[in-house]
Amino acid sequence: MSGFDYESLLDRARDRIPKDISERARWTMPEPEILLEGNQTILRNFSSIVDSMDRDANHVYQFLINELGTSGTQESTRILLKGRVPPKRIKEKIVAYVKTFILCGQCKAPDTRFIKEDRTYLLKCQACGATRPVRL
C-alpha cells in the first residue's frame, strides 16, 4: 500500500466532503411570514415554504386548512385564512406537516418522496431507503 494508514485516509476523506452535505441541519425552511389583517390571517411566503419542502402546494394547503379548522383561499404566493389564527398555531402545524410528510422516520433526513404501492401511499427515504405508510 502507499504508506497511508487508515486514520489519515479517513481524515482526508472527511476533509473533502462538501460542507452542505456534512452539516446535519442542511435543510432549512424559510420562517413563516404571518400577518393578521382584520378578520383574516395571511401567510405571505406560502409558496417559498412549499418550494423548500418540495411538495405539492395543494397538499400542504389542504393539510393546513384541515388542521387549523378554518377555510381560506390560495393565491399565487400566499394563502388567506378566514379568522384570526395565532401565528404560533400556524407554525406548529407547519412543523407537524414536516414531521409527518417530509422527515424520514428512521434517519430524520428530509430526502423523502411519496410512492404508491397498490392503494397505499408510502414515504420513501432517498438517504436510507426506509419506507412508511402515510395518509394523503
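None of the figures in this text is laboratory data; all of them are computed from the coordinates on show. All of these numbers come straight from a predicted model, not from anything done at the bench. Cβ placement follows ideal geometry from the backbone for every residue including glycine, while neighbour counts extend to all protein chains displayed.
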Quiz item: So which aspartates and glutamates can Lys124 reach, going by Cα to Cα under 17 Å and dropping same-chain residues fewer than 8 places off?
Solution: Asp54, Asp56, Asp111
Practice problem: Among Thr73, Gly83, Gly105, flag the residue with its Cα farthest along the positive direction of the charge dipole of segment 67-107, charges on Cβ as +1 for Lys/Arg and -1 for Asp/Glu. | Solution: Gly83
Quiz prompt | Fewest-first ranking of Glu7, Glu92, using other Cβ atoms within 10 Å as the exposure measure | solution = Glu7, Glu92
Practice problem: Using the charge dipole of the chain (Lys, Arg: +1 at Cβ; Asp, Glu: -1 at Cβ; taken about the Cα centre), state which of Gly38, Leu122, Ala57 has its Cα farthest towards the positive end. | Solution: Gly38
Practice problem: Could you give the size of the charge dipole of segment 70-132 about its Cα centre, using +1 on the Cβ of each K and R and -1 on the Cβ of each D and E, expressed in debye and rounded to the nearest 20? | Solution: 320
Self-check item: Spacing of the two label points (7 Å from each Cα toward its C-beta) at Asn66 and Lys99, in nm
Solution: 1.7
Self-check item: With Cα atoms, 0 to 90° folded angle of helix 57-68 axis to the chain main axis
Solution: 60
Quiz item: If amide H atoms are built 1.01 Å from N in the plane of the peptide, which residues on other chains or at least 5 residues away come under 5 Å of the amide H of Val134?
Solution: Tyr121, Leu122, Leu123
Quiz item: If you line up the long axis of helix 87-101 against the longest principal axis of the chain, both from Cα atoms, how many degrees apart are they, to the nearest 10?
Solution: 50
Quiz prompt | Qualifying aspartates and glutamates (Cα of each under 15 Å from Cα of Lys93; at least 8 residues distant if same chain) | solution = Glu31, Glu33, Glu67
Self-check item: Pair Lys88, Leu122: separation of 7 Å Cα→Cβ label points (nm)
Solution: 4.0
Quiz item: What is the fewest-to-most order of Tyr121, Tyr61 by other Cβ atoms lying within 10 Å of their Cβ?
Solution: Tyr121, Tyr61
Practice problem: Apply 1/(1 + (r/R0)^6) to the Cβ-Cβ distance of Ser76 and Glu31, taking R0 = 30 Å, and write down the FRET efficiency to the nearest 0.05. | Solution: 0.90
Exercise. Return a whole-number percent for the relative contact order of the chain, with Cα pairs under 8 Å and 6 or more residues apart as the contact set.
Key: 15
Self-check item: Amide H contacts under 5 Å for Gln40, placed H, 5+ residues apart
Solution: Gly83
Quiz item: What ranking do Thr41, Thr100 get, fewest neighbouring Cβ atoms within 10 angstrom at the top?
Solution: Thr100, Thr41
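Taking the Cα centre as origin and putting +1 on Lys and Arg beta-carbons and -1 on Asp and Glu beta-carbons, what dipole magnitude results for segment 28-102, to the nearest 20 debye? Display every interim value, and only then the final one.
Values: 10 positive and 9 negative charges, 61 e Å.
The calculated dipole for segment 28-102 is roughly 300 debye.
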Quiz prompt | Charge dipole (debye, nearest 20) of the chain; +1 at Cβ of Lys and Arg, -1 at Cβ of Asp and Glu | solution = 480
